[in-house]
Each structure stands twice: as structure tokens, then as C-alpha cells.
Amino acid sequence: MIKISPSEKQFLIDGIKQNMRTDGRSRLDYRAFTVETGLVAQTNGSARVKLANNTDVLVGVKVEIGDPDPDFPDQGRLEVRVECSPSASPEFEGRGAEEMNAILSAMLRNMLQNARTVDWASLCISPGKQCWIVYVDCLVLDSAGNLFDALSIATKSALFNTKVPKIEVMETSSGQTEIEVSDDPSDFTRLSTASIPISVTLAKVGSRYIVDPTIEEELCMESRVTIAINSKGNICSIQKGGVSSGINPSEFNKMLQHARKIGLVLLKELDALLDKEENNDTSTKIGFAR
Amino acid sequence: MSKIEFISPEGLRVDGRRPQEVRKINYRLNLFSRADGSAYYEQGNTRVLAAVYGPRQVTRRGASKHDRAIINCEYSMATFSTGERRKSAKRDRRSTEISVVIRQTFESVILTHLYPRTQIDIFMQVLQADGGTRCACINAASLALIDAGIPMRDFVVSCAAGMIDGVALTDLNYIEDSAGGPDLPLAILPKQNKICLLQMDSKLTIEQYEEVMQMAVEGCKQIHAVLDAKLKDVTDQLVNKRKTLL
């Protein structure tokens, strides 16, 4: 667990008051991020996102055929799991990361489960019997704050990169369904990822709020608001966390407006990056060895 | 299904290698900001990460040793690292066994007596598994320890070898590993020429064993040459950076 002294904390808070953060950003500046897709061969889609070189997350998406959720028999299923690796912090060893994993997975699941983010009906194979299960497995490799946003950007990128094999459903004479999965690796469909939101996290420090907090800033924040924004500028989920006394509703509205503005810029940036990644020749990818 | 041909008539393996050839190796040091040392290591399609913390205060009270540092290892495989998705990433029997084996390997190599009452953590994460993850993790951990500047008696390099259809092969990939033949993971200290890990779980004649063992030793030496050459380059760069600063 990273620890900071009271004087260091005061320094951070005073800096934020004067609109100058320790890494040179102003209160509403977002850190630069990089996206790489298609790094893990054994997945249907994968992405690695780094925020300012230090927060490092890897997401792998695997699709498998399985039973649909009995409550939604005509839709595909989503399974989200986040795993904080001890390379991000030694306290994540063994069962140490369980609480953190649960919080992060729940946030991501809520963000994606929303019916309009992905066309879940298109992942149904035979209603009530079989569907595609989309496993989104996230690995937090290094942490320098704001895991929420990094994970949401990486998840969107990995789903964008995901290739679902084409299948053919055949009805046998006995009324059973048989599925034939295409052997041709170039025969696949993509998921509709355009309306998947990404999250923007704001932290309240003292009487001000900042966007994209670093790990040190997370230690001084009183409350955290994570807001998911889609490409239309609509709010898809809100989560307030932190230990503070609370946020004034009028101030909260202002935070929402800022999050919306920043979210739209980030989404545009991400779309451009993903398009570039998609057109990139895979042989030029270096991945982790860079 | 017809039987897979592991060795072609020309004497080449399923991925086109010759029997004594190890897969392409690449690695990188110092990837992570929070860990004291870290390494990414790839050998063919097997890709692993290792992070090292310490020497630091012992986290589990009572585990501290008055005359040396304790080593703590954790091996885990990402849920997406294998062909079929894994249900859990850590805490299965295989992971625990590998963690213990790797801990014992490094306990004999790290100069633990220099850091009494401390703990050194080695965390390994498999991103992609294509055979030989145990050996890849040992190599990655060895590099991460070097990156962290922890004193060791020697480099530890590891390589597995096996035998299929009477031919000894070094550095088995997943397909060859699943063929059911013997698998012999070996870790050596290349400069001191000592064995620090050796496992074998199959029936072999003494002659065949010697052949496989020789293959594994040769594999380790090839890997050591690659790791050592690149490490010298990396160190050179570091030294040069320092010179420009002064």
C-alpha cells in the first residue's frame, strides 16, 4: 500500500487549489493514454491501455458457446472479471485483491450490461438453448491511479477488437439443433461497439474537483464520482464512491457537465486510435517487449 | 483423427524447429512503476511477466528469519492465457506446486543471508501459455531479480526437454508437451555449472534419460547466451545514460 505523509498531502491539496497538479496538469486535464489491440493470441480480442505510461491494464475477451441466462433466453451472456495482479501492488497477493476485484468488476458489468450498449440479441444462437457467452477478463498490471477509466477504455477497445467466429445452426430431424463453427479464421463477425460508453472519473479534493486522479491524489480525495458517457453524450451509469461527507447536488451537476465534455473528447480520441490500430499490420506489433 | 506427425521425415518439428533448437526469445526489463524489479519474457508464444518487491519488511508476522531473508513466490495464469478459458487464475494445485518449486530454486541462489529479517517477493503472471511456462517463469523471475538489483550467486536459466518417438527435443511447445512423452524441466546455474531444479515424471532408460538431460542442458546454455548478451546491452545503455548525466 502506497502511503503519503500529511505534509505531502497538504502540498497536493494546495496545488489543486491553485490549479497546478504535481504532474503539471491543470484540474480538468486528462493524462495521455495509449491503446494496443490484438496482443494476446489465445483470445478473440484483446487490448492493453496505459495511462501516462504507469497505469497499465490488459483485457482479454474470449467468446464461447453456452447456456443463456434463464431470465433473458434470447440474448447473449456477459461475464466480467477483473483481476488485480500483485505486480501492481504487493498487497494484491493471494486473496488480497478480492475486494478491489469485486468493486471494479461490478462497475464494469453495470456499464456493459445495459441493454443498449451491445446488441446482446445478436449473440443469441438458439433462443433458450444456446448463445454466445462473452468473457471479459481484465488484468491490472500496474497502477498509478484511475483504474476505473483505464479498465473502461481497455474493455471498449478489446470488444472492438473481438472477432466472433461465424456459425451455422442446423435443425436435425429429431428436433435437436446442431452448430457448426466455421474453420476459416477470416470468417468472423464483429460486435457492435459504437455505443459502448467509457467512464470519466472525477475526484473531489478539498473544495475543488479534478479529473483522472493519480494514485497519490486518490489518497487525498474525499469522494470519487465515476460517470459513464457514450458517444451521443448520454450518461450511462454513475457511481459515487469515497469516504467523504458528500457532494452538494448543484456541484454534482457541474461535475456531470464536465465529465460529459471530457468523455466526448476521449471517445473521439479513442475511436481514432482504434481505427489506426485496426489498419495496422499485425507484424509491426511489438507489444510488451517495447 | 490421424496421429500428429511430431517429427517430419526431414527431421523438423511441428513448428519447423530442429530438435536442439529453442524458440525465439525476447525480453524487457523494468516495465512497472511500483515494483522494485520487473521483467517481461517471451519464448515463442509463451509470454510471462515477473515482478519483484523487496527486500522489505516481512508481511506475515512470525515468518521472519533472524539470519536470512525469506522468499515469497506466487505463480498465476491469466484466465485468457490458455486455449480454453480458465475458471480461476490462481490458487489451484498446479499453481501452488509451481510457486513452491520456483521459491526453492531461488532460495538456493539469492544471497539471503545479506538481508536478515526481510522478505523478497517474486510474482509471476502467465499471459500466454504455449508449453514451458514453468521454465519461462524462472527465466523471467531471474531477470526481474537482476532488474531489482538483488545479489545472486549466479544467473538462473531454465529450459525443458522431452522425448517423442525416440527423438530428444528441447524446449517443448504445447502440442509437443501434450504428446504424453517425458518432460524434463531443468534449471541450472550456467557459470557454476550446477543444477538447481530437475523434475522428470516418466519412465525412461538411462541412455534415453542422458540424451534428454543433455538436450535440456544445451537448451539452458542457448537461453543463457541470449539473455546474457541482451542484458549486457541493456546495462551498457544504462551506463551511457549515466555518463551523459555527469
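For first residues located in segment A:193-216 and at positive phi, partners that are open to solvent by less than 20 Å² (accessible area, probe 1.4 Å) and among the hydroxyl-bearing types (Ser, Thr, Tyr) and lie 6+ apart or on another chain with Cβ distances below 9 Å form the pairs A:Asp212/A:Thr201. Quick check on segment B:133-150. Is at least one of its residues free of Cβ contacts under 8 Å to residues at least 60 places away in the same chain and in contact with a Lys or Arg (Cβ under 7 Å, 6 or more places away or on another chain)? There is no residue in segment B:133-150 that is free of Cβ contacts under 8 Å to residues at least 60 places away in the same chain and in contact with a Lys or Arg (Cβ under 7 Å, 6 or more places away or on another chain). Could you list, in sequence order, the residues of segment B:32-44 that are facing another protein chain (nearest Cβ under 7 Å) and either open to solvent by 10 Å² or more (accessible area, probe 1.4 Å) or more than 17 Å from the chain's Cα centre (by Cα) (or both)? Of everything in segment B:32-44, those that are facing another protein chain (nearest Cβ under 7 Å) and either open to solvent by 10 Å² or more (accessible area, probe 1.4 Å) or more than 17 Å from the chain's Cα centre (by Cα) (or both) turn out to be B:Phe32, B:Ser33, B:Arg34, B:Ala35, B:Glu42. If you go through segment B:64-116 and keep only what is acidic (Asp, Glu), open to solvent by less than 60 Å² (accessible area, probe 1.4 Å) and away from chain A (no Cβ under 11 Å), you end up with just B:Asp92.
Of all the listed residues (A:Thr22, A:Thr43), the sole one being within 30 Å of A:Pro185 (Cβ to Cβ), at pLDDT below 95 and hydroxyl-bearing (Ser, Thr, Tyr) is A:Thr43. Could you check, for segment A:97-107, whether at least one of its residues is part of a loop (DSSP other than H, G, I, E, B), out of contact with any Ser or Thr (no Cβ under 6 Å at 6 or more places or on another chain) and either at the interface with another protein chain (Cβ under 10 Å from one of its Cβ atoms) or over 22 Å from A:Val63 (Cβ atoms) (or both)? Checking segment A:97-107: at least one residue is part of a loop (DSSP other than H, G, I, E, B), out of contact with any Ser or Thr (no Cβ under 6 Å at 6 or more places or on another chain) and either at the interface with another protein chain (Cβ under 10 Å from one of its Cβ atoms) or over 22 Å from A:Val63 (Cβ atoms) (or both). When segment A:28-46 is filtered for residues that are in a strand (DSSP E or B) and within 12 Å of chain B (Cβ to nearest Cβ), the ones remaining, listed by number, are A:Gly45, A:Ser46.
Which members of segment A:83-96 meet the condition of being within 22 Å of B:Ala39 (Cα to Cα) and either assigned to a helix (DSSP H, G or I) or not aliphatic (A, V, I, L, M) (or both)? Correct list: A:Glu83, A:Cys84, A:Ser85, A:Pro86, A:Ser87, A:Ser89, A:Pro90, A:Glu91, A:Phe92, A:Glu93, A:Gly94. Taken together, A:Asp119, A:Asp74, A:Asp23, A:Asp69 contain a single residue that is more than 15 Å from A:Ser157 (Cα to Cα), open to solvent by 20 Å² or more (accessible area, probe 1.4 Å), touching a Lys or Arg at 6+ places or on another chain (Cβ under 7 Å) and acidic (Asp, Glu), which is A:Asp69.
Scanning segment A:221-231 for residues that are surrounded by fewer than 18 Cβ atoms within 10 Å (Cβ to Cβ) and under 13 Å from A:Ala259 (Cα atoms) yields a single hit, A:Ser231.
The values are calculated or read from the model by the stated rules, or taken from the named source; none is laboratory data. These figures come from a predicted structure and were not determined experimentally. Cβ atoms come from the backbone with ideal geometry, glycine included; neighbour counts cover every protein chain shown. Ligands, DNA and RNA are excluded from the accessible area calculation, which covers all protein heavy atoms including side chains. Shrake-Rupley method; radii C 1.70, N 1.55, O 1.52, S 1.80 Å.
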